[in-house]
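**Student:** Could you have a look at this structure, given as structure tokens, before my questions?
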Amino acid sequence: DVRLQGCSSEGGHDGVHFDLCARVRILGSSFATGDDAVAGSGCTDIVVSNCVLNSACSPVRFGGRDVLITDCRVEGPAKYPHRWTLTDEEKRRGAGADEVKGRRTTGCFFQPFSDKRVRPEMKPGNMVFRNLTIANPERFMVYLTGLGAIWQDGQGFDEIRFENVHVTGIGAPSAVVAPAAIPLRLVFRNCSFAFRTPQPYAFFGKDVTVVTENVEVENVTGPFYDAREAVSFADVPEFPSWRIETPETRRQWGL
């Protein structure tokens, strides 16, 4: 029974983060964050509506059951750099956004959050995204539960639906790997996906059923979804939010 309305969050880590919560409403708010904008897991009966999300990681990294994200605008790149890419000295003195050189790309719009440490008995699913405009994510979605990725190592989701969702400026295809025992159903209705440069497909993955109704794609030369027999972490390069960065990457960020 938590209600946030007309709130704003600037900089820092997650904008809001709910775990083990029920009946949460986040309404008419704006988040420009150095990590996820709206995050949480193990929740039920959640609504995020009429919000503006700007994130240097994932605007939505959420998990649970009966979750609705609706009538929101998602903007990238990020106003504030990702907190992992700031030096300790910059964090201590609260360096302004104009002073630092950290990564400002929006890693991906949506990461399903299913943590085996949080309500492991919960069957997550029935997540609905409706009436969204999304600009400039590096990837639209990353879901690697089938690979045991960090914060995605709990139970798999059964169904996630996207209705009237329109995405522009995507950098790379989405990676979606469900557990073999709990295949994922992805439903897209009245959606569009436009990539910055030509891509062989919009999504790729394993143990996923994709249903499309009136879906348009731009700069995709092959199928909407590329089903594979195997996927590894190496197939999702330059996406550090679910694994430790290489020493070379950390040096590039000045860490």
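**Student:** Here are some conditions: (1) within 26 Å of C21 (Cβ to Cβ); (2) modelled with pLDDT of 85 or more; (3) touching a strand residue (DSSP E or B) at 6+ places or on another chain (Cβ under 6 Å). H82 meets all but one. Which one does it not meet?
**Tutor:** (3)
**Student:** Now a separate question. Quick one: K79 ticks every box in (1) under 30 Å from N126 (Cα atoms); (2) open to solvent by 30 Å² or more (accessible area, probe 1.4 Å); (3) in a loop (DSSP other than H, G, I, E, B); (4) not aromatic (F, W, Y) bar one, so which box is it?
**Tutor:** Result: K79 passes all but (1).
**Student:** Of everything in the stretch 202-223 that's part of a loop (DSSP other than H, G, I, E, B) and open to solvent by 40 Å² or more (accessible area, probe 1.4 Å), which residue is nearest to V142 (Cα to Cα)? Before you say what the answer is, go through the steps one by one.
**Tutor:** The first filter runs over the stretch 202-223 and keeps only residues part of a loop (DSSP other than H, G, I, E, B), leaving 202, 207, 221-223.
Okay, now just the ones that are also open to solvent by 40 Å² or more (accessible area, probe 1.4 Å), so 207, 221, 223.
Values: D207: 14, T221: 21, P223: 18 Å.
The selected residue is D207.
**Student:** Is one or more of the residues making up the stretch 38-56 open to solvent by less than 50 Å² (accessible area, probe 1.4 Å), without any contact (Cβ under 8 Å) to a residue 60 or more places away in the chain, part of a loop (DSSP other than H, G, I, E, B) and under 25 Å from H166 (Cβ atoms)?
**Tutor:** Taking every residue of the stretch 38-56 in turn, at least one turns out to be open to solvent by less than 50 Å² (accessible area, probe 1.4 Å), without any contact (Cβ under 8 Å) to a residue 60 or more places away in the chain, part of a loop (DSSP other than H, G, I, E, B) and under 25 Å from H166 (Cβ atoms).
**Student:** Regarding R117, is this residue surrounded by fewer than 20 Cβ atoms within 10 Å (Cβ to Cβ) and modelled with pLDDT under 95?
**Tutor:** Considered against the rule, which asks whether it is surrounded by fewer than 20 Cβ atoms within 10 Å (Cβ to Cβ) and modelled with pLDDT under 95, R117 comes out as yes.
**Student:** Name the residue that is farthest from R73 (Cα to Cα), counting only residues in the stretch 142-162 that are among the hydrophobic types (A, V, I, L, M, F, W, C) and open to solvent by less than 40 Å² (accessible area, probe 1.4 Å). Give the steps one after another, and end with the answer.
**Tutor:** Quick first cut of the stretch 142-162, residues among the hydrophobic types (A, V, I, L, M, F, W, C) only: 142, 144, 147, 149-151, 157, 160, 162.
Checking the rest, the ones that are also open to solvent by less than 40 Å² (accessible area, probe 1.4 Å) come to 142, 144, 149, 157, 160, 162.
Numbers: V142: 19, L144: 25, A149: 28, F157: 24, I160: 19, F162: 14 Å.
Per the stated criteria, the residue is A149.
**Student:** From L20, L27, grab the single residue that is farther than 30 Å from E90 by Cβ and in contact (Cβ under 8 Å) with a residue 40 or more places away in the chain.
**Tutor:** After ruling out the rest, the residue left standing is L20.
**Student:** Report yes if D14 is open to solvent by 40 Å² or more (accessible area, probe 1.4 Å), under 13 Å from the mean Cα position of the chain (by Cα) and in contact (Cβ under 8 Å) with a residue 12 or more places away in the chain, otherwise no.
**Tutor:** Judged against the criteria, D14 is a match.
**Student:** While we're on this one: Does R139 satisfy the condition of being surrounded by 20 or more Cβ atoms within 10 Å (Cβ to Cβ) and assigned to a loop (DSSP other than H, G, I, E, B)?
**Tutor:** Considered against the rule, which asks whether it is surrounded by 20 or more Cβ atoms within 10 Å (Cβ to Cβ) and assigned to a loop (DSSP other than H, G, I, E, B), R139 comes out as no.
**Student:** With the requirement that a residue be under 13 Å from T44 (Cα atoms) and basic (K, R), what does the stretch 116-141 give you?
**Tutor:** R119, K123
**Student:** Would a scan of the stretch 183-198 turn up a residue that is assigned to a loop (DSSP other than H, G, I, E, B) and open to solvent by less than 60 Å² (accessible area, probe 1.4 Å)? Talk me through it step by step, then tell me what you get.
**Tutor:** Step one: filter the stretch 183-198 for residues assigned to a loop (DSSP other than H, G, I, E, B), giving 183.
Imposing the further condition that a residue be open to solvent by less than 60 Å² (accessible area, probe 1.4 Å) reduces the set to none.
Looking through the stretch 183-198, none of the residues is assigned to a loop (DSSP other than H, G, I, E, B) and open to solvent by less than 60 Å² (accessible area, probe 1.4 Å).
**Student:** So, one more: Among the residues of the stretch 83-114, what is the count of those that are open to solvent by 50 Å² or more (accessible area, probe 1.4 Å), in contact (Cβ under 8 Å) with a residue 12 or more places away in the chain and more than 17 Å from G15 (Cα to Cα)?
**Tutor:** 1
**Student:** Right, next: Does V165 satisfy the condition of being in a strand (DSSP E or B) and either open to solvent by 50 Å² or more (accessible area, probe 1.4 Å) or over 16 Å from V231 (Cα atoms) (or both)?
**Tutor:** Yes: the conditions hold for V165.
The values are calculated or read from the model by the stated rules, or taken from the named source; none is laboratory data. The structure displayed is predicted, hence computed values, not measured ones. No Cβ is skipped: glycine too gets one built from the backbone with ideal geometry, and neighbour counts run over all protein chains shown. The protein model used for the area step is the full one, side chains on, heavy atoms only, and it has no ligands, DNA or RNA in it. Shrake-Rupley method; radii C 1.70, N 1.55, O 1.52, S 1.80 Å.
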